[in-house]
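Below is one structure, written out as structure tokens, with a few remarks after it.
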Amino acid sequence: MRRATPFDWLIVGLGNPGKQYAGTRHNVGEAAVALIAARRNERLTAGRDQALTCETRIGTHRAVLAFPITFMNESGNAVGKLARRYGIDEPEQLVVIHDELDLPPGAVKVKAGGGLAGHNGLRSITAHVHTQDYLRVRIGVGKPVSKERGADHVLSRVSRRDSTLLDVAVELAADAAETIVTHGVDAAMRQFNVREPDPDA
């Protein structure tokens, strides 16, 4: 059922459900969207549409925060349903926060549209919303030692050094998503895409 008054934004953090995946590289998107909720003294709660959600405001904008509780490669099932329910009709109203192998650990980049870079969560979302033009906040998790180790890399616990970098990156990703909503994607790209993680931090 579609909401009588459409919301302005849908912000989705990707990951896998279950305690065993919390804190892994694949779940940095989930951590960022949970942080956005926590900054407003709210939390994501179970509801319909195969997602944990939270209705909130970012500045003057009505926003839905969501974490699909499907597995990563079925994320689009939830995102498609949420977009319909909350009247998110334009791809520029959808922000997806996700892990990115092609960025070094701790890097955060904002992107409007583009390819899928082999990311199964993005592939699923694209299939369900029928466009690749949605906005992305990409959190670098670094490349595995080989392509065959890709799944192990994103699903395993991280080293203390990388954990520190990713904790900072999750904060920056939450900042970036909020900036997209309040000041626009171009402003967010100018602010966040010039940053590089400090490996000695």
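Only one of 29, 15, 87 is under 18 Å from residue 175 (Cβ atoms) and small (Gly, Ala, Ser). Can you tell me which? Can you show your working first?
On the way: 15 fails: under 18 Å from residue 175 (Cβ atoms); 87 fails: under 18 Å from residue 175 (Cβ atoms).
That would be 29, the only listed residue that is under 18 Å from residue 175 (Cβ atoms) and small (Gly, Ala, Ser).
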Long-range neighbours under 9 Å by Cβ, at least six apart or interchain, first residue without any contact (Cβ under 8 Å) to a residue 60 or more places away in the chain within the range 90-113, second assigned to a strand (DSSP E or B) and surrounded by fewer than 18 Cβ atoms within 10 Å (Cβ to Cβ): 91/112
Residues that are part of a loop (DSSP other than H, G, I, E, B) and touching a residue at least 12 places away in the same chain (Cβ under 8 Å), drawn from the range 6-29: 6, 7, 8, 14, 15, 16, 17, 23
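A quick yes/no check of all residues on (1) aliphatic (A, V, I, L, M); (2) closer than 17 Å to residue 177 by Cα; (3) at pLDDT below 95:
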{"residue": "26", "(1), (2), (3)": "no, no, yes"}
{"residue": "36", "(1), (2), (3)": "yes, yes, no"}
{"residue": "40", "(1), (2), (3)": "no, yes, no"}
{"residue": "60", "(1), (2), (3)": "no, yes, no"}
{"residue": "67", "(1), (2), (3)": "no, yes, no"}
Selection within the range 107-128 - modelled with pLDDT of 95 or more, among the aliphatic types (A, V, I, L, M) and surrounded by fewer than 21 Cβ atoms within 10 Å (Cβ to Cβ): 112, 127
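The values are calculated or read from the model by the stated rules, or taken from the named source; none is laboratory data. Small disclaimer: the values here were computed from a predicted structure and weren't measured. All Cβ positions, glycine included, derive from the backbone under ideal geometry; neighbour counts span all protein chains shown.
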